[in-house]
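Inspection log for the structure reproduced underneath, given as structure tokens.
All of the numbers you see were taken from the coordinates with simple rules; none came from a lab. All values reported here derive from a predicted model rather than from experimental measurement. Don't worry about glycine lacking a Cβ; one is built from the backbone with ideal geometry, like all the others, and counts go over all protein chains shown.
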Amino acid sequence: MSEPLSSHPKYRPDIDGLRAIAVISVVIFHAFPELLSGGFIGVDIFFVISGFLISTIIFESLQTQSFSFIEFYCRRIRRIFPALLVVISASFAFAWFVFLPAEFEQLGKHILGGAGFFSNLLLWSESGYFDKTAETKPLLHLWSLGIEEQFYIIWPLLLWAAYKLRFNWFVLTASVTALSFCLNLSMVYVDAVATFYSPVTRFWELSSGAVLAFFSMRRIPFASCVTANVNSFLGGVFVYSKIKQGVSLFSNNRSFIGLLAIVCGFVVINKAISFPGVWGLLPVLGACLIISAGPAAWLNRSLLSGKVIGWFGLISYPLYLWHWPLLSFARIIEGQAVDLTGRLVLIFVAVFFAWLTYILIEKAFRFGRYGYPKTLVLVCLMITVASIGYYVEAKNGLNYRGPNIVGKDGGWDGGSGVGLQSSCGLSQAYIGKLTCQSDPRQHVKYAQIGDSKALALFGGLVRSSHEHGRWLMIGSGTLGAPVPVISSDPIYRDYQEPIKLALKAIADNNDIEVVLLTFATRALFKLRNDVDIEDLATSPHYQSALSGLQNAIEQLKPTGKKIVILIDNPTLPHPEDCFQRTTSSDFLNLFLRHTLNQRCQLPLERHLELSKKYRQLLNEIESQNQGFVKLFDSTPFLCDEKRGLCETQHNGKLMYSGSDHVSDYAAGQIGKAINDYLAAKGG
């Protein structure tokens with residue numbers, strides 16, 4: 001490391017132009033995903049730019065022995081914190097009036113993650129069955145800040161240690177890049193979510209910028225020789241004899257190839273692809289080629305250094321912060337995708353807010369005197385914001401504020417009066433791999449087997465049970481969902497082990513007299529979670545489902561236990577997409593003008609039509625097992641037969657929670673009716 005490093009690089013307008021391309025692509029993808037399927041790779045371009053600029057500063061400061069950890073992190077704080085604090089605070093203030101408790105609780109968690117720069121880890125942990133759609137998470141986009149700042153906690157320490165130990169910077173930088181990239185390749189098809197959000201599978205994008213910074217600051221004879229020979233070759237091919245301003249043809253072609261790679265990424269990459277994987281090379285190498293071409297390359301000088309695109313580059317950070325919360329809040333308020341005009345207006349608003357933030361906030365904190373006092377103020381404010389986020393999450397979304405909507409009733413809350421049992425009759429090897437819950441007040445008489453629909457109903461069954469009719473349940477766990485289908489059909493492969501274990505545990509329990517089977521229609525017919533139930537009419541799995549359900553029932557027949565099958569509930573949109581959000585603010589009530597729309601109501605006749613094939617199957621099962629199997633229909637509790645409508649609310653109470661799962665209130669209504677039915681039948 002004896003060769004001197006060049007001086008600290010001057011401002012490069014072409015890099016601001018590249019920033020503009022990155023942020024505009026992300027904004028277009030979020031607002032108009034049909035126009036730019038791969039626009040989200042703009043984040044990867046940001047990673048490369050950040051890795052290049054920050055590593056350049058660290059390299060130079062270490063070489064001149066002027067590097068200071070305090071100064072480095074103070075500069076990062078004054079760069080990142082001001083706009084972030086404004087956007088998080090504005091999001092919190094708006095959500096205070098508009099969000100329901102569950103939404104506000106989640107926002108509190110995301111505020112804590114955003115302020116603590118670990119949003120990526122939170123989002124990684126949230127992905128799952130009941131995870132809300134991305135559009136309803138206003139601070140979702142802060143995952144990229146988390147990865148970037150996690151990198152800059154580790155990276156200066158590594159470079160400083162390498163400098164002190166006289167370890168070659170290139171070997172270190174190239175090794176980190178290669179290791180992270182290989183982990184990315186090996187994990188992307190094993191766990192795509194983890195690969196997307198994990199810092200270790202993303203660091204290679206930032207360290208690629210660091211590799212570029214290392215070479216751009218060195219005078220390496222070998223590289224100069226290669227460049228000269230490539231220039232000579234290209235000059236002969238393209239007959240380009242005069243290189244304007246001393247710019248090599250090699251540099252010009254690098255910038256063009258880089259732009260081509262990025263444009264190709266915008267077009268061919270989409271969210272269905274496991275990303276980054278090998279596809280991440282398109283934006284990363286593209287950005288590296290453009291930056292390495294230098295500010296004098298024709299494309300960099302003529303296109304990326306323009307005043308308009310440069311202006312967008314200057315406001316790129318606050319624009320990135322503002323655009324997504326605005327789109328997300330609009331989506332939440334409307335309960336559906338915002339129309340084209342609305343999205344255009346929101347983008348203009350985001351640009352305006354970004355410009356104001358840059359002029360009034362960013363410049364005031366980044367530049368001028370009193371750097372350390374400003375830094376201290378920013379740190380204190382960020383700690384305060386993080387604490388508020390933690391408090392909101394800990395207090396379950398502060399349900400005393402915000403929209404006036406009744407959620408849960410005053411009954412079972414998921415824990416009170418219901419104990420997790422040690423076995424439920426399961427063998428020791430499977431305890432904990434299937435959910436087992438039971439009312440501990442007396443010995444059980446009834447058992448419920450099923451998937452997440454059973455979990456949603458169980459609290460209502462317990463609290464409305466009669467004195468001599470207590471419940472236990474075996475439901476979904478890490479082993480899978482015990483959907484009552486025993487079949488050799490490959491589509492039901494995942495059901496076999498859990499349902500056989502559950503049925504055996506129930507069959508061996510002599511106290512149980514009645515078994516309630518509760519499961520989703522889509523589970524029986526193997527429909528994907530995201531398909532419309534209308535596809536049920538064309539499902540090819542009718543016979544497999546019929547025979548599989550019958551096989552499961554045959555496992556219980558010898559025990560003499562009676563079986564009740566709960567007919568699945570109507571499917572409606574997520575209940576939080578169907579509220580009229582009434583707040584304490586008259587102005588916001590005027591702003592939140594939307595009313596429940598038609599898609600939040602399902603005509604009862606239409607529901608019966610859609611579920612005709614499903615009901616036909618259950619009727620066949622009942623007919624084949626007369627005196628042994630009975631059906632219980634949840635529809636009368638979820639639909640108004642007089643009005644002929646199924647809705648997400650009834651008498652000011654939520655009937656659904658967590659997509660098409662019944663709410664705690666509805667579970668109480670249905671549970672009481674089932675308990676009364678069983679008591680009347682003497683079973």
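Here are the numbers for this structure:
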{"item": "Local net charge near Ile45, Cβ-Cβ under 14 Å (Lys/Arg +1, Asp/Glu -1)", "result": "-3"}
{"item": "Dipole magnitude of segment 84-144, debye to nearest 20 (Cβ charges: Lys/Arg +1, Asp/Glu -1, about Cα centre)", "result": "100"}
{"item": "Most positive-pole-ward Cα, Leu85, Trp124, Ala102, against dipole of segment 69-134 from beta carbon charges", "result": "Leu85"}
{"item": "Sorted by Cβ density within 10 Å, fewest first, the residues Met382, Met655", "result": "Met382, Met655"}
{"item": "Sorted by Cβ density within 10 Å, fewest first, the residues Ile88, Ile24, Ile154", "result": "Ile154, Ile24, Ile88"}
{"item": "Radius of gyration and Dmax over the Cα atoms of segment 175-221, both given in Å", "result": "13.1, 43"}
{"item": "Summed side-chain charge close to Tyr495 - residues other than Tyr495 whose Cβ falls under 15 Å, Lys, Arg +1, Asp, Glu -1", "result": "+3"}
{"item": "Residues Thr384, Thr648, Thr375, Thr559 arranged by fewest to most Cβ contacts within 10 Å", "result": "Thr384, Thr559, Thr375, Thr648"}
{"item": "Dipole in debye (nearest 20) - segment 58-164, about Cα centre, beta carbon charges: Lys, Arg +1; Asp, Glu -1", "result": "320"}
